[in-house]
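Okay, so here's the structure we're looking at.
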Amino acid sequence: MNRVLVRLLACVLLAWPGAATLAQTAALPGDSLYQLDARAIDAQGEPLHWSDLRGRPQLVSMFYANCHLMCPLIIENAKAVQKQLPAASGARLGVAMVSLDPQRDTPAALARVARDHRVPEGWRFLRPATDDVRALASVLDVRYRFREDGSINHTCVLVLLDAQGRELARSEVEGIAPDPAFVEQVRLAVVSSP
């Protein structure tokens, strides 16, 4: 009888859509930003959970594809951070650009931004579920508001997360050149990560 109950319970848990996410977030530290149960689609149209970014340090920012002023600077600043790392270390850093505008930022639009900016292989451009944008912005401390002309005023920041999703550092983006102190924090995070 006990074996039947165990098998039935296992089947129920495997069939429950939130089971995988629950198992992943259960092992996360309490201050991990990956505790947030948010979903996204990447530039290739593949679905993922916010917590799927865990496992290596991540450089994260929020942007929108139709931006022609600050968002390109955010991308170029992140590229410059990664270029200043030793070659072997640069590959150990994940980079995730999260859209503030999932209505317009289709996977094709995100792929176009990645291609136009010639970002290094392995970067992720993410389109969160519409209901998850505000929550992601909140945990990343990104403030934003839509303007009547369709543009978005938003915080221009790079956030460094450790492999478990805890915030280690942040840098306000003011141009293409990254803050040297922030680059050093990224370097330390990458070399100390397993």
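Across all directions, the average projected area of the convex hull around the alpha carbons of the range 18-122 is 7.3 nm². DSSP assigns beta bridges within the chain; of those with both partners inside it, close to 65 percent run antiparallel. On the chain, 56 percent of the accessible area sits on carbon and sulfur atoms, based on a 1.4 Å probe. With N the number of residues in the chain, Rg(Cα) / (2.2 N^0.38 Å) evaluates to 1.10.
For the range 133-146, putting each phi into the Karplus relation 6.51 cos²θ - 1.76 cosθ + 1.60 with θ = phi - 60° gives couplings of 4, 4, 5, 5, 4, 5, 5, 8, 6, 10, 9, 8, 8, 7 Hz, in residue order, rounded to whole numbers and with x for Gly and Pro. Neighbours of residue 177 by Cβ distance under 13 Å: Lys/Arg scored +1, Asp/Glu scored -1, total -2.
Under 5 Å from the amide H of residue 62 lie the amide H atoms of 98, 157, each residue being 5 or more positions distant or on a separate chain, with H modelled from the backbone and absent for Pro and chain starts. When exposed loop sites are taken as GluC sites (Glu not before Pro) in a DSSP loop with at most 10 other Cβ atoms within 10 Å, the longest stretch of the chain clear of them is 1-120. Taking amide hydrogens as placed 1.01 Å from N in the peptide plane, the amide H of residue 170 sits under 5 Å from those of 160, each at least 5 positions away in sequence or on another chain. Ordering 152, 163, 186 by Cα displacement along the dipole of the range 123-191 toward the positive end leaves 163 in first place; charges were set at the Cβ atoms of Lys, Arg (+1) and Asp, Glu (-1). Run the quick spin-label model on residue 172 and residue 69: label points 7 Å from Cα toward the beta carbon, then report their separation in nm to one decimal. Those two pseudo-labels are separated by 1.6 nm.
Taking other residues whose beta carbon is less than 14 angstrom from the beta carbon of residue 142, and scoring Lys, Arg as +1 and Asp, Glu as -1, yields -1. Using the 1.4 Å probe convention, the accessible area of the chain works out to 54 Å² per residue with neighbouring protein chains retained. Ordered by solvent-accessible area of protein heavy atoms (1.4 Å probe), largest first, the residues 179, 149, 101, 131 come out as 131, 149, 179, 101.
The values are calculated or read from the model by the stated rules, or taken from the named source; none is laboratory data. Since the model is a prediction, treat every value here as computed from it, not as a measurement. As a convention, Cβ positions derive from the backbone with ideal geometry for all residues, glycine included, and neighbour counts pool all protein chains shown. These accessible areas exclude ligands, DNA and RNA; they are computed on the full protein's heavy atoms, side chains included. Shrake-Rupley method; radii C 1.70, N 1.55, O 1.52, S 1.80 Å.
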